[in-house]
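For reference, the structure discussed in these notes is given below.
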Amino acid sequence: MIYIIINFLVAAYLIFASFSIDKLETKRQSSSVLVNLILFCGTIYILMGVTDIFALKKLNQVALLVGRLTYVLMGFFAVFSCNYMMVYPNYKPIKFFKLFGWILIIASIYIVCIVPNAFNSIFFSSANGFAITSGMMFKGNFGRVMHIRWLDGYNFLYRGFIPGFVMLMTFVRAENNDSKITRQNMGWNNVGVMLSWLAFIYINRCSAFIPDINAIAPIGYLPMVYCFIRANENDELVDFKGFIKAAARFVIGLVIPILILWCAFMGLLPVSAVNSTLFFVLVYLIAAAIAGSGFLIRRRFAKSDLFRAKRYEEDFEQDITHLDFTKTPKEITEDVFKIFRKYTETSSMKILIDDGSGNLNAVYTSDDKPFSIDVDRSIGDVVMNTHRQVIFREHLDTVVALAGIKTRVTGLLDMTDSDAYIMLNEGRQFIGLILLGKKTSGNAYSEYDYEMFNKYYSNLFVVGYYVKNIMNESVVGTVNREIRMSGQIITSIQENMDLIKSKKVDAGYLMIPAHNIGGEFVDMIRLTDTRHIFIIGALSGKGIAASMNMVILKSIIRTYLAETTDFKKLVAKVNFFIRDSLPKGTFFSGIFGLMDFSSDTMYYINCGSPALFVYTRAYNNVIEVQGEGHILGFVKDILPYLKVKKVQLAKGDIVMSMTDGILDTRSLRGDIFGKTRTQTALMENSNFPAEKMAKFAYDSLVEFSSKELENDVTMLVMKYLGDE
C-alpha cells in the first residue's frame, strides 16, 4: 500500500513543480519543453500507481494492460528526455534525431505490446511481492549463453544505452558551446542521467531483498528530472571559491552545531537514568543556546564575504538609493561602481551618453580609458520594443525577442569587454548605456541580478541623467566642475515637459521651492494633437532626496506611457512603483489629469490633492471639484480605489490646482492662507494670462505671509479659450 501512496505523492510533486516552473520561468525557451517533460513523467507515476492498485486487487489482466501502457510511456519518456538534452538550451529541432526518436518510440510499442512473452503478467504475491514476468530474448544455445529477459533488455536499451549515447553527444556539444553557463548546465543534465543509472541499479539490487520495491520502479527517473530542473533554473557558475564558501557555511551552520549537540547529549546521557525530565530539559536548553548563538554569529558577520547572501537586495537598495549627490561627479560615479563591484562582482563599468549626433561618448570608465563608439539606434529600438532595458550576454542565446540583434549586441559587448548592457531611456528618448564588465569570479550575471537591475532601474537612470546633464560638459555647455546637485539642475529637469500648445488652452505654472530644491513638480505630456496629460503634486520629503525621487518619478511616468494607454492603469502602475521601488515611506499626493480638446473635457484622478478649483465664467463662480482621493505609495493595489472624474469645459473656464504649500502658509498672526483666499486670487486675476495668474496668486501669498516661506509652492493654471 505504501508504494501506491509513494507513486501518487511523487506524481503530485511533479505536477506542482511543473506549474511552478511554468509560472516563474516563462522567459526561458526550454521551460515549456521541460514542463511538458515533467508532466509526462508525472503521468508515468500515476499509471504505475494505478497498475499497483489493480495488481493488489488481483485484477491481473487489467494490471497487465495498464502496466504495458506504463512501460511504453517509460520508453517515450526516455526518448523525449534524450531529445531535450540534445536541443538544450535553444530547442532547435534536429531532423535526424527526430526521425531516430520515432523509430525508438515504435520499437518500444512493438517490444512491450506485440512481442510474444515480452510482458506476460503483472501481479502481487506473498512470496515474490510485486512481480513482472517476462520471457527470454534469445533461445537455443545462444539463449543459454545470453540469459536476458525482454524486460531487462528493454530497461537496458531505454534506461541505459540510449541515454548514455546521447550523454556522449551532449559532452561533444558542450565543448563546442561558447557559454560557460550553458556548458555547465548541459553537464548538470548529464549528471542527472548518471544519477538515474545509479538509482535504477540500486532498485534492481534491492529487489532481491525487497521484491515490492519494483512497484515504484519509475522512482529512478527522479534524479534526472531534478537535474533537468536545476540546469534550467541555474544561472551561475559553480567555481572553487563558491564551493569552499558553501562548504564552510555548511560546516559552521550545521555540522558543528550537530556535533556540539551530540557531545552534550552523550555527556548528559547518565542524567537520563536518574531524571529523564531533567535530561530532556537540559538537552532542549542546550539546543536553544546553540541555535541562538548561531543566529547571533550569522547576524554579526552577515556582511562578511563568507556569510553574505547572494540575495543582496536589501543592502543594494540601501546603497543605490542613498547616493550622496553633494559629492563631485567623479566621486559619485566611483561610488556607483563600488556598489556594483561589492554586490555583483562587476570587474569594470562604463557609462556612455548619446551626444545627439549618433555617437556614444564615455563620460565615465572605471579604468579611466576614454573612448567613443558609433551607436546603432536600431538596437535601442528593438530593446525598447521588447521592454528589456537590461540585457545580459547569456540572454542572447535564450531570449527569442533578442535574436534579431544578437550579433550587434554581442559585437558591442565584445568591443567594450562587457557582459551586461543597461539601456537608459526616457520613454522613447534614448539617453545612453551603462555597460558592466565580466564578473571577477568568472561567473555570469544571474537572473537575480536581472531582477535587481530592473527593480532599481530608475536609480540607474538617475545616474545616467546626472552624468548627461552635469558631468558631460560637452552636452551642457558651460558647467563648472565644482557645481553640486544644485537647484539649477533640478529646475532644468522640472521644466523638461511638453507644454500645452493647443489654441484652446492657455497653461501656466509656478514652482518655487522653499529651500532651493524639493520634491514638488508640474509635468505636461503630449499624447496627440488633441490630448494632453498633466500632473501636479508633491513627493514626501525635502531637499535632495525628494528632488531625486521627483526626477525618477517623472522619468518612470513617461516610460509607463509607452507601455499602457489606460489612464487609470497608468496611475495604478505609478502607485506600485512608488511603493516598491522608491525608498520606503515615500508617497505622492497630487492630481493626474487628461485634457481632451476634441470633446472639451477634462478627466482627472485625485491622488490626495489638497485642492482642484474650476472657475466657471457662465456663473462667475469658483467651485472645488477634486472629491475623494487616495495618496499613492501606501496601498499595494490601488486600482479598486481609483475613480476617474470628468469636467466639461466651456470657453472662459479656468482650472487651478496647487500643492498644500499655498493653502497651509501662515501669516505672522498665525492665520492660514487657505482655500477661500486662493479662490479670491483666482477670481480677481481671471482676466490675465494663465502664467500671470499663477504669479499674481503667489504675490498675494507672499504679501499675506509677510515672511520667508517655509513650504514649497507649486501651482498649475489652465484657461480654456474654446475656439479662440
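Kindly indicate whether PHE171 is farther than 25 Å from GLY49 by Cβ, at pLDDT below 80 and either out of contact with any helix residue (DSSP H, G or I) (no Cβ under 8 Å at 6 or more places or on another chain) or not hydroxyl-bearing (Ser, Thr, Tyr) (or both). Reasoning before the result, please.
On the way: farther than 25 Å from GLY49 by Cβ: yes; at pLDDT below 80: no; either out of contact with any helix residue (DSSP H, G or I) (no Cβ under 8 Å at 6 or more places or on another chain) or not hydroxyl-bearing (Ser, Thr, Tyr) (or both): yes.
It is false that PHE171 is farther than 25 Å from GLY49 by Cβ, at pLDDT below 80 and either out of contact with any helix residue (DSSP H, G or I) (no Cβ under 8 Å at 6 or more places or on another chain) or not hydroxyl-bearing (Ser, Thr, Tyr) (or both).
Residues that are of a type in the set (S, T, N, Q) and either modelled with pLDDT of 80 or more or farther than 28 Å from TYR560 by Cβ (or both): find the strands (runs of 3 or more DSSP E) completely inside segment 302-418 holding 1 or more of those. Spell out the reasoning first.
Values: elements: 349-354, 359-365, 372-374, 390-392.
Of the strands (runs of 3 or more DSSP E) lying wholly inside segment 302-418, those with at least 1 residues that are of a type in the set (S, T, N, Q) and either modelled with pLDDT of 80 or more or farther than 28 Å from TYR560 by Cβ (or both) span 359-365, 372-374.
Out of segment 166-193, which residues are open to solvent by 40 Å² or more (accessible area, probe 1.4 Å), in contact with a Cys (Cβ under 9 Å, 6 or more places away or on another chain) and either free of Cβ contacts under 8 Å to residues at least 40 places away in the same chain or not in a helix (DSSP H, G or I) (or both)?
Result: VAL191, single match.
What number of residues in segment 73-110 are touching a Ser or Thr at 6+ places or on another chain (Cβ under 6 Å) and open to solvent by less than 10 Å² (accessible area, probe 1.4 Å)?
Of the residues in segment 73-110, 2 are touching a Ser or Thr at 6+ places or on another chain (Cβ under 6 Å) and open to solvent by less than 10 Å² (accessible area, probe 1.4 Å).
So, of the residues in segment 428-445 that are within 12 Å of GLN389 (Cβ to Cβ) and of a type outside the set (A, V, I, L, M), which turns out to be modelled with the highest pLDDT?
Of segment 428-445, the ones within 12 Å of GLN389 (Cβ to Cβ) are 430-434.
Subset that is of a type outside the set (A, V, I, L, M): 430, 432.
Working: PHE430: 74, GLY432: 81.
Residue satisfying both the conditions and the ranking: GLY432.
Got at least one residue in segment 675-684 being in contact (Cβ under 8 Å) with a residue 40 or more places away in the chain and surrounded by fewer than 16 Cβ atoms within 10 Å (Cβ to Cβ)?
Let us first name the residues in segment 675-684 that are in contact (Cβ under 8 Å) with a residue 40 or more places away in the chain, namely 675, 678-679, 682-683.
Keeping just the survivors that are surrounded by fewer than 16 Cβ atoms within 10 Å (Cβ to Cβ) gives 683.
Yes, segment 675-684 contains a residue that is in contact (Cβ under 8 Å) with a residue 40 or more places away in the chain and surrounded by fewer than 16 Cβ atoms within 10 Å (Cβ to Cβ).
Looking at ILE535, ILE578, can you tell me which residue is in a helix (DSSP H, G or I) and of a type outside the set (S, T, N, Q)?
Working: ILE535 fails: in a helix (DSSP H, G or I).
After applying the criteria, what remains is ILE578.
Among the listed residues LYS692, LYS646, LYS707, which satisfies the condition of being touching a residue at least 24 places away in the same chain (Cβ under 8 Å), farther than 28 Å from LEU594 by Cβ and open to solvent by 30 Å² or more (accessible area, probe 1.4 Å)? Let's see the steps before the verdict.
Numbers: LYS692 fails: farther than 28 Å from LEU594 by Cβ; LYS646 fails: farther than 28 Å from LEU594 by Cβ.
Going through LYS692, LYS646, LYS707 in turn, just one is touching a residue at least 24 places away in the same chain (Cβ under 8 Å), farther than 28 Å from LEU594 by Cβ and open to solvent by 30 Å² or more (accessible area, probe 1.4 Å): LYS707.
Determine if segment 625-636 includes at least one residue that is closer than 15 Å to THR676 by Cα and aliphatic (A, V, I, L, M). Show your work before the answer.
Filtering segment 625-636 down to residues closer than 15 Å to THR676 by Cα leaves 625.
With aliphatic (A, V, I, L, M) added as a condition, the list becomes 625.
Yes, because at least one residue in segment 625-636 is closer than 15 Å to THR676 by Cα and aliphatic (A, V, I, L, M).
Check off (1) over 18 Å from MET167 (Cβ atoms); (2) exposed (fewer than 14 other Cβ atoms within 10 Å of the Cβ); (3) not hydroxyl-bearing (Ser, Thr, Tyr) for PHE119 and give me the number that stays unchecked.
Going through (1) over 18 Å from MET167 (Cβ atoms); (2) exposed (fewer than 14 other Cβ atoms within 10 Å of the Cβ); (3) not hydroxyl-bearing (Ser, Thr, Tyr) one by one, PHE119 breaks only (2).
How about segment 548-571: which of its residues are within 15 Å of TYR604 (Cβ to Cβ), open to solvent by less than 20 Å² (accessible area, probe 1.4 Å) and either touching a residue at least 60 places away in the same chain (Cβ under 8 Å) or hydroxyl-bearing (Ser, Thr, Tyr) (or both)?
VAL571
The values are calculated or read from the model by the stated rules, or taken from the named source; none is laboratory data. Quick caveat, the model's predicted, so the values are computed rather than measured. In this analysis, Cβ positions are derived from the backbone assuming ideal geometry, glycine residues included, and neighbour counts consider all displayed protein chains. The accessibility values were calculated without ligands, DNA or RNA, using every heavy atom of the protein model including side chains. Shrake-Rupley method; radii C 1.70, N 1.55, O 1.52, S 1.80 Å.
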